[in-house]
Amino acid sequence: MKKGEQMKQQQSSTTLEVTIMDLSERRFLEGPHGRTIGFAQSARVFVEMFRGFRALHFVGPCVTFFGSARFPEDNPYYGLARSAGFALAKAGFTVVTGGGPGIMEAANRGAKEAGGETVGCGIKLPHEQAPNPYLDTWMEFNYFFVRKVMLVKYSFGFIVLPGGFGTFDEVFETATLIQTGKIRDFPVVLMGSEFWLPILEFLRVSMVGEGAIDKTDLDRIIVTDDPEWAAEVVRHAAFSKFGVRYAQRVRRRWWLLEKKG
């Protein structure tokens, strides 16, 4: 077979795989199906959860970064995320991101430059985003909600830089979990203060003003452009408020499918 024909065949195979995956995810949210399909979907969710729990059980105290995948290296927010990732790694945290480019790459990159550990929790999409090259541990998920559980479950703080719909979804879901007591009162730190000013004004004037949220809900959100201060806020909460301690790594058990890396 000629090289050109091989490339076309590979591209066709990749396109088919993505299309099948896309149809499967759409079908999941299309309402009720037969019992067999429902059981198969439930099993698939369970497997994703189990794989995530086993892989991330060993990563140590974490901080999660949220932010846009679209910012290039010369964007000021990329530099801010890189500096914050460096500071959090120096403070002893594993830096967790969605594992893609932009802000996620910057935070992982800064952490690696500080000698820290990094984790990426990616999502399978029709237009694939390759994992960034600064990851020690990489997990890829089919379901957004499973991925978001992993991004929240193991972290003692959340650093949020400018982003789009995905970033807003993540930060407001995290804030809701804290507000409702589903997770403890871990710090949510907004960086890139100029970007957030209109949002904070809306929260203060409209949401607090109309009684949709309490002022104490807004007081939980910290705004700073100082990476060192962001790291100190998270470190203080984790180590002083919640009693996190450095400890010897837990041994992996092969019979629980706990693989290295």
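Distance between Cα centroids, the range 70-103 to the range 112-151: provide it in whole Å.
If you average the Cα positions of each part, the centres end up 13 Å apart.
Checking the table Lys112/Lys153; Lys124/Lys215; Lys112/Lys215 against a 31 Å threshold on Cα-Cα, which pairs fail?
Too far apart for the 31 Å limit: Lys124/Lys215; Lys112/Lys215.
So how do 216-224, 36-44 stack up, highest first, on mean other-Cβ count within 10 Å?
216-224, 36-44
Read-outs: derived from the displayed coordinates by stated rules, not from any lab. The structure presented is a predicted model; accordingly, all values stated were derived computationally and were not measured. Ideal geometry is used to build each Cβ from the backbone, glycine not excepted, and the neighbour counts take in all protein chains shown.
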